[in-house]
Amino acid sequence: MASNSEPLGPPPRPAAIINHVTSTNEPFPDPNELDAATKVHTQGDFQIEARKLPISKAGPIDELNERLGIPVPEMIFGDNLIKITHKPSNWSISFDAFGALNRVDKEGKKLLKVSYAKDWERTREDTTMKIKNIVKPYDWSYTTDYSGTESEGGGGQRLAPGTGHSIPLALLQRRDPMLFFEEVILYESELDDNGISIYSCKVRVHEKRMLLLCRLFMRLDGVVVRINDTRVYVDFDQHYVIREYTAKEELFQSLNRKLVMSGRLPDDVTIALRDPNILDPLLTVKKQTTDTVRFG
Amino acid sequence: MSDLDRAIAQLRSCRPIPESQVREICHKARELLIEEGNVVTVAAPVTICGDIHGQFHDLMELFRVGGDVPDTNYLFMGDFVDRGFYSLETFLLLLCLKVRYPDRMTLIRGNHESRQITTVYGFYDECIRKYGSANVWRYCCDVFDYLALGAIVLGASNTLSTGTEPVDEDTEIEVCDQSGTVMSRFPRPMPRPNSAEGPARSPNGGGGGSGDRTGPPGSGASGSSGGSIGNPTGAVLCVHGGLSPLIDTVDKIRLIDRKQEVPHEGAMCDLLWSDPDEIDGWGLSPRGAGFLFGADIVKIFNHRNDLSLIARAHQLVMEGFKEMFDASIVTVWSAPNYCYRCGNVAAVLELSEDESGTGLFARSNGDVGRSDGGRGVMMEGETFVRNGPARRYRVFQAAPQDSRGMPAKKPVADYFL
């Protein structure tokens, strides 16, 4: 069989010329070129890494499906990564697609349905009586409460529930020079054209502090909108890290009403519904936790 | 130069044409499309393309790689609009080419060719932005309602036409890159009695599911639609999404009243929305709407309709194409670097012409029971698969960003909180 399976073709093609992710021509680096696609910035005792590569290929997708036990979203950036390391202790927190998807409900205990599911089912009762089995029920909205993968420091440093600290918003609102900025997407699904589910990470580093925002934004049209935010704040001078996790949710109709009541025209409501920054203050907080870790 | 040729030239340079001209062209297109059946018959050679999604510059790259119109005969399987920044220019160019060269250009409907979907996913906004009113969007949507739901490709050869390099007779699948350089070739497997394992399923490891055959597209194992060399191949059905439990023969597709907005119910909806999956029989999507279908469904359908292959689009695949279920169905994806951020490659599928000329007549044209004496449903366990056409996949990357006349997309540093 193997002899049959061997490609007949010419010798393997020469290695593609790889553009770095910062090139103006879109890059298609081989996933093996992880280092070339990783930007590293060091500030004080901390190292920040951001890796951006194309969506995963069929092989890695099959592997990931297997490891996770659920089908992955159609846009899966399996090689992407954001990582913050405290170098002296080797403590780190990282964000990747596997970690995020591993926190998705894999049994579909509270299965969401698209807005027109009832109509869809009703009009098919006669013809499709026999087709009853829902294929692999799981939370296909890919809602996750992932707040990073932590690796303990050499001195046992770990994030622990809050000690009165909170992220100093006033300091972060100042227009301090930005020494490093990156945005990395971990996965995205169009929910079969019923909305969007996207997990993206943004990081900005200043001389004395940095902020990382990792956000799950899920809008199921006509049904519900969710924003799960994990913010990681690092104070380089005082050597501490705060992690804040906030889960927010609002029923679609209620959100729609709020947007209309704010004086928006129908077209502007459509646009607003695509922008998590506009929606964020209109959602109801469901859960909030704060953890901190201190070094030296 | 006629007005139409001028419009084509203007659209090729990615500039919109005046509203009055859009109206005229949409009107002409509708007159043309209304004459087409729900399932258009297309003779090989033909180049089959998947989703484009408004990525105009990548469509130009597709024409560069696949050959220009009218030199190459094209079949586009829908989803011309939404997501990308140039849905308008993309759709209007394809439509103008359809009007100008009706026999060289086949357009079938995707789930995005719908009023409801385009309102949410970008095409509507783009029309408003570029024309200041929704008129052009309305003209286009009226054309959408007349697009065919599928196509049947007849007369495809089981050997490849000579590309840039000579091809052996027993090559079933060839994958080449955008400059035409052959990346890999797969011979047609000899029929082997009693092969429990069977040859590996497809160039990108589709049906098999194991993760060890990765690398450049087509670097996996051999393709396989069995059968002996020298027979004309079965027909190829092209449809945007997939099959429907309400449709057991291609003739039933022909009976649908298609001239309407894509409905939420019925066979028309399924043809544009359903997906193949590694399951037995039919399944319901966990989303609460939409069907999934397994290998057995495809094989029974192909057998009953004398098809050798179903070509469909609708799902993003990193390698640009993905053959599944012993090469009985293939997903073709033609939007490279989808949404300008996925970094995927795209592909088109070339079927060459059976030069013996017998293929067009010797077979059932996708109608049930014409060549097999009305044999019924395939018996369970039977592994009969129609001899597949030879397939050349041309894989290509996104157009260089500097050709787009838009600024390089770099993350905009912002003081997010």
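Compactness ratio of chain A: Cα Rg over 2.2 N^0.38 Å, N = residue count?
In units of the 2.2 N^0.38 Å rule of thumb, it is 1.15.
Please find the FRET efficiency linking residue A:169 to residue B:355, where r is the Cβ-Cβ separation and R0 is fixed at 56 Å, and quote it to the nearest 0.05.
0.20
Do you know the relative contact order of segment B:1-139, to the nearest whole percent, from alpha carbon pairs under 8 angstrom that are 6+ apart?
Over segment B:1-139, the number comes to 27 percent.
Excluding same-chain residues fewer than 8 positions from residue B:98, which lysines have a Cα within less than 20 Å of its Cα?
B:28, B:259
For a protection proxy built on the mean count of beta-carbon atoms within 10 angstrom, sort B:347-353, B:269-275 highest first, please.
B:347-353, B:269-275
Run the simple label-point estimate for residue A:277 and residue A:238 please: 7 Å along Cα→C-beta, distance reported in nm.
Label-label distance for residue A:277 and residue A:238, simple model: 2.8 nm.
When the C-alpha atoms of segment B:1-101 are aligned to their principal axes, what extent does each axis show, in angstrom, from largest down?
For segment B:1-101, the Cα spread along each principal axis is 35, 30, 28 Å.
Can you compute the modelled spin-label distance between residue A:118 and residue A:133, with each label point 7 Å from Cα toward Cβ, in nm?
2.9 nm
Would you work out the relative contact order for chain A, in percent, from Cα pairs under 8 angstrom that are 6 or more residues apart?
14 percent
Nearest 0.05, what FRET efficiency do residue B:254 and residue B:278 give at R0 = 30 Å with Cβ-Cβ as r?
0.50
Residues with beta-carbon under 10 Å from that of residue B:29, excluding residue B:29: net charge, scoring Lys, Arg +1 and Asp, Glu -1?
The answer is 0.
Cut-off is 10 Å between beta-carbons; in what order do B:130, B:98 appear when sorted fewest neighbours first?
Ascending Cβ contact count within 10 Å gives the list B:130, B:98.
Leaving out same-chain residues fewer than 8 places away, which lysines sit with a Cα under 19 Å from that of residue A:136?
In chain and number order, the partners are A:106, A:109, A:110, A:113.
Over segment A:176-271, what is the mean sequence separation of C-alpha contacts under 8 Å (at least six apart), divided by residue count, expressed as relative contact order in percent?
Computed over segment A:176-271, the figure is 18 percent.
Restricting everything to alpha-carbon atoms, can you work out Rg to Rh for segment B:43-195 with a Kirkwood hydrodynamic radius?
1.07
Can you give the calculated 222 nm mean residue ellipticity of chain A, where each DSSP H run of n ≥ 4 adds -39,500 (n - 2.57) and the sum is split over every residue, rounded to the nearest 500 deg cm²/dmol?
-4500 deg cm²/dmol
Please identify the GluC sites (Glu not before Pro) of segment B:138-184 that satisfy two criteria: DSSP loop assignment and at most 13 other Cβ atoms within 10 Å. Which are they?
In loop regions of segment B:138-184 (DSSP not H, G, I, E or B), the sparsely surrounded GluC sites (Glu not before Pro) are B:169.
Of the GluC sites (Glu not before Pro) in segment A:76-160, which ones lie in a loop per DSSP and count no more than 14 other C-beta atoms within 10 Å?
Hits after loop and neighbour filter: A:107, A:125, A:152.
Based only on other Cβ atoms within 10 Å, what is the fewest-to-most ordering of B:96, B:339?
Least to most surrounded, the residues fall as B:339, B:96.
For the pair residue A:66 and residue A:111, what calculated FRET efficiency results from E = 1/(1 + (r/R0)^6), where r is the Cβ-Cβ distance and R0 = 22 Å, to the nearest 0.05?
Efficiency, from the Cβ-Cβ distance: 0.50.
Taking 7 Å along the Cα-to-C-beta vector as the label spot, tell me the residue B:20-residue B:181 distance in nanometres, rounded to one decimal.
It works out to 5.1 nm between the two label points.
Within 10 Å of each candidate Cβ there may be at most 16 other Cβ atoms; applying that plus a DSSP loop requirement, which trypsin sites (Lys or Arg not before Pro) in segment A:180-234 survive?
Of the trypsin sites (Lys or Arg not before Pro), the ones in loops of segment A:180-234 whose Cβ has at most 16 other Cβ atoms within 10 Å are A:208.
At what distance in angstrom do the alpha carbon centres of segment B:254-332 and segment B:2-66 lie from each other?
25 Å
How would you rank B:48, A:271, B:17, going from fewest to most other Cβ atoms within 10 Å of each one's own Cβ?
A:271, B:17, B:48
Just the number, please: Stokes-Einstein D of segment B:139-186 in µm²/s, Kirkwood Rh from C-alpha pairs, 10 °C, 1.306 mPa s.
115 µm²/s
Taking just the C-alpha trace of segment B:70-142, give me its Rg and Dmax in Å.
12.4, 36
Coordinate-derived values only; no laboratory data. If you're wondering where the values come from, they're calculated on a predicted model, not measured in any experiment. Ideal geometry is used to build each Cβ from the backbone, glycine not excepted, and the neighbour counts take in all protein chains shown.
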